[in-house]
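Asker: Pasting in a structure now, in structure tokens, and then I'll have a few things to ask.
Values in this text are rule-based calculations from the coordinates and carry no lab data. Note that this is a predicted model, so its numbers are computed, not measured. No Cβ is skipped: glycine too gets one built from the backbone with ideal geometry, and neighbour counts run over all protein chains shown.
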Amino acid sequence: MYLLSGIIVLLGGITMLVLCCVLVYFFISLVSRKGFKRVLQKHEIIEIMVWTGLILLSLLLIVQQLWFVLTPVVILMVAMRNLQRNNLKFKAMLGEDK
């Protein structure tokens with residue numbers, strides 16, 4: 001009985017997470033299109049979502065003082081920043097900068 005309840009709660013949590021991600025995806029797209037008059041590509045919207053999640057997770061970990069969990073998050077942030085910088089350099093080399 002407890003296993004069935006746990007599975008139902010787990011499926012409900014996953015469903016809510018997926019629904020929230022889809023809503024945020026379309027909300028970011030709508031705000032960028034209407035507010036900033038700029039159409040973002042799919043990977044740019046997903047990058048905004050990942051950055052927001054990492055920043056909120058790192059703030060939560062700082063408040064709870066879980067430094068051993070915060071270290072991989074910071075390393076991931078540094079790696080993502082380096083990847084973003086390399087992508088910008090590559091776009092500038094190819095002349096795709098608009």
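Asker: I want to verify the translational diffusion coefficient of the chain in µm²/s; compute it with Stokes-Einstein, Rh as the Kirkwood radius over Cα pairs, at 10 °C and 1.306 mPa s.
Answerer: 97 µm²/s
Asker: Helix 42-64 versus the longest principal axis of the chain: what angle, 0 to 90°, nearest 10, using Cα atoms?
Answerer: 50 degrees
Asker: So how far, in whole Å, is the C-alpha centre of the range 73-87 from the one of the range 2-18?
Answerer: The range 73-87 and the range 2-18 have Cα centres spaced 33 Å from each other.
Asker: Hey, what angle do you get for helix 67-94 against the long axis of the chain, alpha-carbon based, 0 to 90 degrees rounded to 10?
Answerer: Helix 67-94 sits at roughly 30 degrees to that axis.
Asker: Based on DSSP H runs of at least 4 residues, each adding -39500 (n - 2.57), what is the mean residue ellipticity at 222 nm of the chain after dividing by all its residues, to the nearest 500 deg cm²/dmol?
Answerer: On the way: 3 runs with 84 residues, N = 98.
Calculated mean residue ellipticity at 222 nm is -30500 deg cm²/dmol.
Asker: Moving to a separate point now. Helix 2-34 sits at what angle to the longest principal axis of the chain, using alpha carbons and giving 0 to 90 degrees rounded to 10?
Answerer: 20 degrees
Asker: What's the exposure ranking of Ile46, Ile28, Ile14, going from fewest to most Cβ atoms within 10 Å? Before the final figure, lay out each step's value.
Answerer: On the way: Ile46 14, Ile28 17, Ile14 10.
Final ranking by Cβ density, sparse to dense: Ile14, Ile46, Ile28.
Asker: Let me spell out the model: positive unit charges on the Cβ of Lys and Arg, negative unit charges on the Cβ of Asp and Glu, origin at the Cα centre of the range 42-98. What dipole size does that give, in debye rounded to 20? Each step should come with its number before you reach the end.
Answerer: Working: 6 positive and 4 negative charges, 25 e Å.
Roughly 120 debye, rounded to the nearest 20.
Asker: Which of the listed residues, Gly12, Phe26, Phe68, is farthest toward the dipole's positive end in the chain, when Lys, Arg count +1 and Asp, Glu count -1 at the beta-carbon?
Answerer: Final value for the positive-end residue is Phe26.
Asker: Compute the relative contact order of the chain as a whole-number percentage, counting only Cα pairs closer than 8 Å that sit 6 or more residues apart in sequence. Don't skip to the end; give the middle numbers.
Answerer: Numbers: 24 pairs, mean separation 13.6, N = 98.
For the chain, the relative contact order is 14 percent.
Asker: Mind putting a number on the dipole of the chain about its Cα centre? Charges go on the C-beta only, +1 for Lys and Arg and -1 for Asp and Glu, and I need it in Debye to the nearest 20.
Answerer: Taking the Cα centre of the chain as origin, the dipole is about 440 debye.
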